[in-house]
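Have a look at the structure below, then the notes.
The values are calculated or read from the model by the stated rules, or taken from the named source; none is laboratory data. All of these numbers come straight from a predicted model, not from anything done at the bench. Here the Cβ positions follow ideal geometry from the backbone for every residue, glycine too, while neighbour counts run over all protein chains shown. Keep in mind that these areas ignore ligands, DNA and RNA; they rest on the heavy atoms of the full protein, side chains included. Shrake-Rupley method; radii C 1.70, N 1.55, O 1.52, S 1.80 Å.
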Amino acid sequence: MLSRATKLIILLHLISGPAVAQRNSPEVDEIARMIFELTNKERVARGLAPARANSAFDDLGRIQSRNMMQHDFFSHTDHKGRGPGERKDEFYPRLFGGVGENIAYVHGIPASQLARKFVKIWMDSPGHRANILRAKFSHLGVGVVRKGKTYYAAQVFGDLVAEMVSDTKQTYAFDTKQEFRFKFLGKFPRDKISIFLHFPDKSARFFTDENIYYTGVGYYQPQWLDDNHFTLKVMFDKGHGKYHLTMGSYETYTPGGLVFRVP
């Protein structure tokens, strides 16, 4: 049973602009770094690939930890009603992929013991342990903040697919073509990437060849520039309204993604 001084909770929310979390002191950032290393140690000890560091996820972890500290709540749903996936979409909409989150807070523990304490708490909890040892998660960020003798920590995991690295707008003219550039982040074979553009005209047909087509959505093939970068050419000619770009793998996609509007 958890003590009154230590609470934790888990939520896995699968679904991928800089955010605004205030930077921490070097001491607190060192705790976050150690949590990252100890978490990967647990993964490697069980034959899993270590999660890759992701600065956006570090920022998202700090944002939620700071939200909990400043607004006096303990939940994955923040004071504005946003869950982990919604925060990713708001602050880092260019990241495509799923996210999961572990949160905890600890009171009255010396700073030198905090990283091991947080990881032990999570590893001793079946749900949190499942997040840490989830093989499909490729990236990890950690955010820690302090208020007096209380420390809040958030781990943000990701099953990332790609990140848009080209400039983009929210609005495009009808019947125009745009080319976007992406960095591939997936841990799966790159030829298994899945890219879907959902059209405002739900009856619009998107042909992949003369006899096969999708209705209301297009299934796009990337044009690879090298092993880690690809471009995508999009024609905004399937109605006026919202075009929703999503990505995944093996002909599936995760929630979230980018939205373009055609007036």
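Overview of results
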quantity	calculated
HN-Hα J in Hz across the range 119-132 - Karplus 6.51, -1.76, 1.60, θ = phi - 60°, x for Gly and Pro	5, 5, 4, 5, 5, 7, 10, x, x, 5, 4, 4, 5, 4
Stokes-Einstein translational diffusion, the chain - Kirkwood Rh over all Cα pairs, 1.567 mPa s, 4 °C, in µm²/s	66
Added length on full extension, which subtracts the Cα-Cα distance from 0.36 nm per residue, Asp124 to His71	16.3 nm
Apportionment of accessible area to carbon and sulfur, the chain, percent (1.4 Å)	50
The chain, helix-only ellipticity at 222 nm - DSSP H runs n ≥ 4, -39,500 (n - 2.57), divided by all residues, nearest 500	-8000 deg cm²/dmol
Percent antiparallel among DSSP beta bridges (both partners in the chain, rounded to 5)	95
Karplus-derived 3J(HN,Hα), 6.51/-1.76/1.60, for each residue of the range 199-208, Hz, glycine and proline x	8, x, 8, 6, 9, 5, 9, 10, 8, 8
Heavy-atom accessible area per residue - the range 75-126, 1.4 Å, Å²	39
Where the range 168-263 is the region considered: accessible area per residue in Å², 1.4 Å probe	57
Among Thr150, Pro255, Leu133 the positive-end extreme of the charge dipole of the chain (Cβ point charges)	Thr150
Length added when fully stretched, Tyr219-Asp29, from 0.36 nm per residue minus Cα-Cα	64.2 nm
Sequence of Ser25, Ser249, Ser194 from largest to smallest accessible area, 1.4 Å probe	Ser25, Ser249, Ser194
Estimated vicinal HN-Hα couplings, Hz - the range 55-71 in sequence order (Karplus 6.51, -1.76, 1.60; Gly, Pro = x)	5, 5, 5, 4, 5, 5, x, 5, 4, 6, 4, 5, 4, 5, 5, 6, 10
